[in-house]
Amino acid sequence: MKTAELISSIFLIAAVSCGRAPEEPVAVLETTAGTIELRLYDETPLHQANFIKNVTEGLYDSLLFHRVIKDFMIQGGDPDSKHAPAGKFLGEGDLPYMVPAEFRLDQGIWHRRGVLAGAREGDDVNPEQASSAMQFYIVWGRVFDDEGIAAQQEKLDARTGGKVKLTPEMIEDYKTIGGTPHLDGQYTVFGEVVSGLEVVDAIQNVSTDENDRPVEDVRILRAYMKK
């Protein structure tokens, strides 16, 4: 399911961007709900390079946020959504390769509110937990109390065999900022919203159908890299 030429180009860009730049690159999504600016982490060079490639090639232009779940996340990047008629089930479109997982919990990168992460297929068909080449999500989540944190740790233990433990720093974020801790160590976080979090909030509050697709389309009008 991989295309050698595309993978080679991604790794070439990643090799160039591995050295920390004075400022990390920022991608801009102009949407029908407002503008979102996303800083792309140098700590996740493969995902950073892939997202930059997709943006500069115009692959996100006119795509929908096709899956929206209140108090959880907003997801976009399905190429099949560009001309999708109302009500069509979406979420299966992609490019013919995946991006290797880059989990960075030890570098302070986890599923706090406002982060950008790679969507992916399930563990049963994707045991290496590699990310989709196109589809991404922006976390909203919720703020947790002590009881909620304990429940999230139980979910993490079940999902990861006890390999992922919430640290005091992570717990502080989830009790103050909010997020989706049950995804930590399983989905790659590779950026964060630096402007437009209120737009993410507006999108995560829209009405959706039984497939979590917004009833009224929320579209990425265009995406570009900020200079």
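The values are calculated or read from the model by the stated rules, or taken from the named source; none is laboratory data. Note that the coordinates shown come from a computational prediction; the quantities given were computed from them, not determined experimentally. Cβ atoms come from the backbone with ideal geometry, glycine included; neighbour counts cover every protein chain shown.
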Filter region 187-211 for residues that are surrounded by fewer than 20 Cβ atoms within 10 Å (Cβ to Cβ) and of a type in the set (A, V, I, L, M, F, W, C); which is farthest from Pro45 (Cα to Cα)? Val206
Which numbered condition in (1) closer than 24 Å to Phe103 by Cα; (2) surrounded by fewer than 18 Cβ atoms within 10 Å (Cβ to Cβ); (3) modelled with pLDDT of 95 or more; (4) in contact with a strand residue (DSSP E or B) (Cβ under 8 Å, 6 or more places away or on another chain) is the only one that Gly76 fails? (2)
Within region 21-47, track down each residue that is within 15 Å of Ala202 (Cα to Cα) and either touching a helix residue (DSSP H, G or I) at 6+ places or on another chain (Cβ under 7 Å) or crowded, with 22+ Cβ neighbours inside 10 Å (or both). Leu29, Thr31, Ala33, Gly34, Thr35, Ile36
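To keep it simple, each residue is scored yes or no on (1) farther than 29 Å from Val194 by Cβ; (2) part of a strand (DSSP E or B).
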{"position": "Leu95", "(1), (2)": "no, no"}
{"position": "Phe103", "(1), (2)": "no, no"}
{"position": "Ile109", "(1), (2)": "no, no"}
{"position": "Leu116", "(1), (2)": "no, yes"}
{"position": "Glu128", "(1), (2)": "yes, no"}
{"position": "Ala151", "(1), (2)": "yes, no"}
{"position": "Ala158", "(1), (2)": "yes, no"}
{"position": "Lys163", "(1), (2)": "yes, no"}
Of all residues in region 130-149 being outside any helix (DSSP H, G or I) and of a type in the set (Gly, Ala, Ser), which is nearest to Thr167 (Cα to Cα)? Gly141
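Answer with yes or no whether Pro214 is in contact (Cβ under 8 Å) with a residue 24 or more places away in the chain and either over 22 Å from Thr35 (Cβ atoms) or surrounded by 15 or more Cβ atoms within 10 Å (Cβ to Cβ) (or both).
Considered against the rule, which asks whether it is in contact (Cβ under 8 Å) with a residue 24 or more places away in the chain and either over 22 Å from Thr35 (Cβ atoms) or surrounded by 15 or more Cβ atoms within 10 Å (Cβ to Cβ) (or both), Pro214 comes out as yes.
Consider region 145-204. How many of its residues are of a type in the set (Asp, Glu), without any contact (Cβ under 8 Å) to a residue 40 or more places away in the chain and under 27 Å from Leu38 (Cβ atoms)? Break it down into steps so the answer makes sense when it comes.
Quick first cut of region 145-204, residues of a type in the set (Asp, Glu) only: 145-147, 154, 157, 169, 172-173, 184, 192, 198, 201.
Imposing the further condition that a residue be without any contact (Cβ under 8 Å) to a residue 40 or more places away in the chain reduces the set to 145-147, 154, 157, 172.
Those left that are additionally under 27 Å from Leu38 (Cβ atoms): 172.
The total comes to 1.
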Which members of region 173-226 meet the condition of being outside any strand (DSSP E or B), of a type in the set (Lys, Arg) and touching a strand residue (DSSP E or B) at 6+ places or on another chain (Cβ under 9 Å)? Arg213, Lys226
Tell me which residues, restricted to region 127-150, are hydrophobic (A, V, I, L, M, F, W, C) and surrounded by fewer than 14 Cβ atoms within 10 Å (Cβ to Cβ). Ala150
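Among the candidates Gly179, Gly162, Gly122, which residue alone is of a type in the set (Gly, Ala, Ser), touching an Asp or Glu at 6+ places or on another chain (Cβ under 7 Å) and either surrounded by fewer than 19 Cβ atoms within 10 Å (Cβ to Cβ) or on the phi > 0 side of the Ramachandran plot (or both)? Even if it seems obvious, please write down each step before you answer.
Numbers: Gly162 fails: touching an Asp or Glu at 6+ places or on another chain (Cβ under 7 Å); Gly122 fails: touching an Asp or Glu at 6+ places or on another chain (Cβ under 7 Å).
On inspection, the qualifying residue turns out to be Gly179.
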